[in-house]
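A.B. asks: Submitted below is the structure of interest, expressed as structure tokens.
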Amino acid sequence: MRTNIALLSTLAALAALVPTAAFAQDPAPAPAPAAVPPPAEVPPAPAGAAPSNPVAEAPATTAEPAPTTAAEAAPTGPTPAPGWMRIDSDFFGLQIWGGGTLPLIDGVGLAMDIYTNALVPGYATSSFGEFDIGPAITAGPFVATPMIGLQMDFAAHKAAALVPQFYLTGGPGPIYAELWFQYYNYKVFDGASNQINMRLFVDYKLSDYVAIGPQIELNYDSVGIPNVAGEAKKVYKMPVGGNVMFTNLGVNSTLLAFVGYETGEPYGLDNHLAGRLTYLHNF
């Protein structure tokens, strides 16, 4: 009997020395990012995420825990608000932006972001930056974000456009959709014309990592952009195609690829293939 008790005590002591194995855990549902020009939101992580890592029970001990002071128990700093960064490459060049959402009350936050584009030789003659701000309102499975933005032309050292905009993101169950509307008022700063940019895609989640669906975009200029025949077209760009979204690619990261056919004739180009590549990370 004494031998069995001694053996059990020895095994318990050895078990306490073995480190607990860590289990992979899917990221929690990503917070809706602030809308950006244009915005994007990572769909929620699949339901049934792995539970927190289990902790092995340590043998009973009579040692008292060390007392903690109020200073040690207090948090070291404010809780960070949800943030994100995004990189795009498409017809308009390379665009980089980032932002976040400050929580206000239940279901409402203050979204803000900054945006900049890179000069593209042969196309862009200016370098633009933009600041946007507005409320992010959660309504069921959707987040509605009306915003107002100010676009700056860094190359010309002046304000370029006032940008009212609206974004609707989210969806029920395996459906995830994004609707974007941006109105660039250039005339308020003596620009030649105003522009509207719109985007809509609806994706269906095939698995925890892949979602696909149709996508359509529209670019409108109040004066018109010349096509290959020299005719001014107000709807100068309207690609139609499909979207593939790779979610949970790393921790809180997403890759998106849009490939479509350009039904417009932007800047004198014939109909051609259109698309966009996007990387998005939530913090």
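The values are calculated or read from the model by the stated rules, or taken from the named source; none is laboratory data. For clarity, every value in this text was computed on a predicted model and none was experimentally measured. Heads up, the Cβs are rebuilt from the backbone with ideal geometry, glycines too, and the neighbour counts pull from every protein chain shown.
A.B. asks: Exactly one of (1) surrounded by 13 or more Cβ atoms within 10 Å (Cβ to Cβ); (2) of a type outside the set (Phe, Trp, Tyr); (3) not in a strand (DSSP E or B) is unmet by Lys234. Its number?
C.D. replies: That leaves (3) as the condition not met.
A.B. asks: Suppose we keep only residues that are touching a strand residue (DSSP E or B) at 6+ places or on another chain (Cβ under 9 Å) and free of Cβ contacts under 8 Å to residues at least 24 places away in the same chain within segment 191-216. Which one would you say is surrounded by the fewest Cβ atoms within 10 Å (Cβ to Cβ)?
C.D. replies: In the first step, residues of segment 191-216 are kept if they are touching a strand residue (DSSP E or B) at 6+ places or on another chain (Cβ under 9 Å); the result is 191-206, 209-216.
Filter once more, so that each one left must be free of Cβ contacts under 8 Å to residues at least 24 places away in the same chain: 198, 200, 206.
Working: Met198: 16, Leu200: 15, Leu206: 12.
Of everything passing the filter in segment 191-216, Leu206 is surrounded by the fewest Cβ atoms within 10 Å (Cβ to Cβ).
A.B. asks: Is it true that some residue in segment 166-188 is touching an Asp or Glu at 6+ places or on another chain (Cβ under 9 Å) and under 18 Å from Val223 (Cα atoms)?
C.D. replies: Taking every residue of segment 166-188 in turn, none turns out to be touching an Asp or Glu at 6+ places or on another chain (Cβ under 9 Å) and under 18 Å from Val223 (Cα atoms).
A.B. asks: Would you pick out the residues in segment 210-247 that are in contact with a Ser or Thr (Cβ under 8 Å, 6 or more places away or on another chain) and within 18 Å of Glu178 (Cα to Cα)?
C.D. replies: If the condition is that a residue be in contact with a Ser or Thr (Cβ under 8 Å, 6 or more places away or on another chain) and within 18 Å of Glu178 (Cα to Cα), then Val210, Ala211, Met238, Pro239, Val240, Met245, Phe246, Thr247 are the ones that fit.
A.B. asks: Of all residues being in a strand (DSSP E or B) and over 30 Å from Tyr236 (Cβ atoms) in segment 86-107, which is farthest from the chain's Cα centre (by Cα)? Just the residue, please. If you could, list the steps in order and put the result at the bottom.
C.D. replies: Looking only at segment 86-107, we keep the residues that are in a strand (DSSP E or B), and these are 86-90, 93-105.
Now restrict to residues that are over 30 Å from Tyr236 (Cβ atoms): 100-105.
On the way: Gly100: 10, Thr101: 12, Leu102: 15, Pro103: 17, Leu104: 20, Ile105: 22 Å.
The qualifying residue farthest from the chain's Cα centre (by Cα) is Ile105.
A.B. asks: Just to check your reading of the model, which residue among Gly170, Gly149 is among the small types (Gly, Ala, Ser), at pLDDT 95 or above, surrounded by 19 or more Cβ atoms within 10 Å (Cβ to Cβ) and on the phi > 0 side of the Ramachandran plot? I'd like the intermediate steps shown before the answer.
C.D. replies: Working: Gly149 fails: on the phi > 0 side of the Ramachandran plot.
Selected residue: Gly170, the only one of Gly170, Gly149 that is among the small types (Gly, Ala, Ser), at pLDDT 95 or above, surrounded by 19 or more Cβ atoms within 10 Å (Cβ to Cβ) and on the phi > 0 side of the Ramachandran plot.
A.B. asks: Turning to a different aspect of this structure: All but one of (1) touching a Phe, Trp or Tyr at 6+ places or on another chain (Cβ under 6 Å); (2) at pLDDT below 95; (3) not hydrophobic (A, V, I, L, M, F, W, C) hold for Gln195; which doesn't?
C.D. replies: (2)
A.B. asks: Let me ask something additional. Could you list, in sequence order, the residues of segment 92-122 that are aromatic (Phe, Trp, Tyr) and at pLDDT 95 or above?
C.D. replies: As a first pass, look at segment 92-122 and keep what is aromatic (Phe, Trp, Tyr): 92, 97, 115.
Answer for segment 92-122, where residues must be aromatic (Phe, Trp, Tyr) and at pLDDT 95 or above: there is none.
A.B. asks: While we're here: If I filter segment 237-283 down to residues being in a strand (DSSP E or B) and small (Gly, Ala, Ser), which single residue comes out as surrounded by the most Cβ atoms within 10 Å (Cβ to Cβ)?
C.D. replies: Step one: of segment 237-283, the residues in a strand (DSSP E or B) are 237, 239-246, 253-262, 272-282.
So of that shortlist, the ones also small (Gly, Ala, Ser) come out as 241-242, 253, 257, 260, 274-275.
Working: Gly241: 18, Gly242: 15, Ser253: 16, Ala257: 13, Gly260: 19, Ala274: 21, Gly275: 18.
This residue is Ala274.
A.B. asks: Looking at Gly250, Gly230, which one is within 28 Å of the chain's Cα centre (by Cα) and modelled with pLDDT under 95? Walk me through it before giving the result.
C.D. replies: Numbers: Gly230 fails: within 28 Å of the chain's Cα centre (by Cα).
It is Gly250.
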